[in-house]
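K.L.:
For reference, the structure I am asking about is given below.
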Amino acid sequence: MLEIKKCGSVIVFRMGRHFGKRVLYFVHSFLVGDTLIDTGTIYVADELLSVLVDKPISTIINTHHHEDHTGNNRLLQMHFNAKIYASAEALPFMLKPHQAKQRLYLRVLWNYPEPSSGYPLDNTLDTGKHTFDIIHTPGHSPDHICLYEPNEKMLFTGDMFCGEHVKYLRQDEDFNQILSSLHKLESLDVHTIFCGVAGAVPNGGQALKKKISFMEGLSSQVWILYREGVSPTHIRRRLLGREGLMYWLSNGHFSKQNLVNSILGLP
Ligand SMILES: [Zn+2]
């Protein structure tokens with residue numbers, strides 16, 4: 001499934017895999033001038049290529065190496081002869097995506113990307129039409145970067161934002177590192193956030209502040225209960241409630257308990 005929307009000068013691609021009539025999870029890619037930020041899942045390869053065919057792409061930038069952000073790198077690189085950029089830490093994973101075994105739910109949702117090669121990002125990237133500031137934002141993954149375009153006050157956040165009140169965490173994410181990374185973005189003058197999960201988010205600066213405040217509030221509540229002797233499982237039940245659908249689908253890789261444990265620095 002692929003939907004296209006325009007937001008200012010940016011074309012927003014919303015995509016996901018159909019399960020019957022339902023799409024369980026969406027991911028977004030963004031076209032800014034002739035630069036594509038993230039390439040989505042390989043499951044929509046044909047649809048994506050057919051809508052991009054009259055929009056020549058010279059540059060691809062990946063926010064991180066995950067399969068739902070690099071899925072069509074190789075296809076688009078071959079078709080448009082586009083140059084790919086990502087953080088130096090992301091490039092080895094992109095070159096050998098099968099090296100790390102993919103969890104079953106990620107394979108079902110996104111599948112493995114084909115291998116692709118790229119160039120390491122520096123502190124800025126000038127694509128000719130836009131200059132992006134590159135901000136290293138680990139936490140969701142160690143190789144994660146965000147891109148800020150100061151003229152139009154656009155912030156491309158990959159999987160760093162995801163929403164103001166996110167109550168889940170992946171097992172391999174680090175809550176406190178995510179919070180530190182968000183603080184790096186807080187001082188930017190942001191008009192719109194372009195998020196891998198939520199798409200275009202207006203009043204981006206305000207949304208970032210609300211997210212930081214939610215995370216800091218949750219962290220302090222978790223610590224208060226923990227110091228009172230409440231177990232991590234009971235803290236999760238009290239503050240976040242029961243686990244939801246993603247917990248069951250991901251076999252616990254994506255859960256509320258991970259969020260509480262990560263705040264406390266527990267495995
Ligand atoms: Zn990701």
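The values are calculated or read from the model by the stated rules, or taken from the named source; none is laboratory data. Quick caveat, the model's predicted, so the values are computed rather than measured. Here the Cβ positions follow ideal geometry from the backbone for every residue, glycine too, while neighbour counts run over all protein chains shown. SASA here: full protein model, heavy atoms, side chains in, ligands and nucleic acids out. Shrake-Rupley method; radii C 1.70, N 1.55, O 1.52, S 1.80 Å.
K.L.:
Quick one: which of LYS6/LYS167; LYS5/LYS55; LYS209/LYS256; LYS5/LYS129; LYS55/LYS129; LYS129/LYS153 span more than 25 angstrom between C-alpha atoms? The partial results should precede the final answer.
P.N.:
Working: LYS6/LYS167 29 Å; LYS5/LYS55 15 Å; LYS209/LYS256 22 Å; LYS5/LYS129 21 Å; LYS55/LYS129 15 Å; LYS129/LYS153 15 Å.
The pairs that break the limit, which is 25 Å between Cα atoms, are LYS6/LYS167.
K.L.:
Let me ask something else about it. Give me Rg/Rg_expected for the chain, where Rg uses Cα atoms only and Rg_expected = 2.2 N^0.38 Å with N residues.
P.N.:
For the chain, the normalised Cα radius of gyration comes out at 1.00.
K.L.:
Something else about it: With all protein chains present, how much of the accessible area of the chain (probe radius 1.4 Å) comes from carbon and sulfur, to the nearest whole percent?
P.N.:
Answer for the chain: carbon and sulfur cover 52 percent of the accessible area.
K.L.:
Could you tell me which of THR233, PRO56, PHE156 has its Cα farthest along the dipole of the chain towards the positive end, charges placed at Cβ (Lys, Arg +1; Asp, Glu -1), taken about the Cα centre?
P.N.:
Positive-end residue among those listed: THR233.
K.L.:
Sticking with this one: Quickly estimate the mean residue ellipticity at 222 nm for the chain, helices only: each DSSP H run with n ≥ 4 gives -39500 (n - 2.57), and the total goes over all residues, rounded to 500. Please report the intermediate quantities before stating the final value.
P.N.:
On the way: 10 runs with 90 residues, N = 267.
After summing the helix terms and dividing by the residues of the chain, the value is -9500 deg cm²/dmol.
K.L.:
If you filter the stretch 202-267 for GluC sites (Glu not before Pro), then keep DSSP loop positions with at most 12 other Cβ within 10 Å, what is left?
P.N.:
GLU228
K.L.:
What number comes out for accessible area per residue over the stretch 1-81 if the probe is 1.4 Å? Units Å², please.
P.N.:
Details: 3410 Å² over 81 residues.
Per residue, the stretch 1-81 has 42 Å² of solvent-accessible surface.
K.L.:
Which order do peptides 46-52, 95-101 fall in by mean Cβ count within 10 Å, highest first?
P.N.:
Ranking, from highest mean packing down: 46-52, 95-101.
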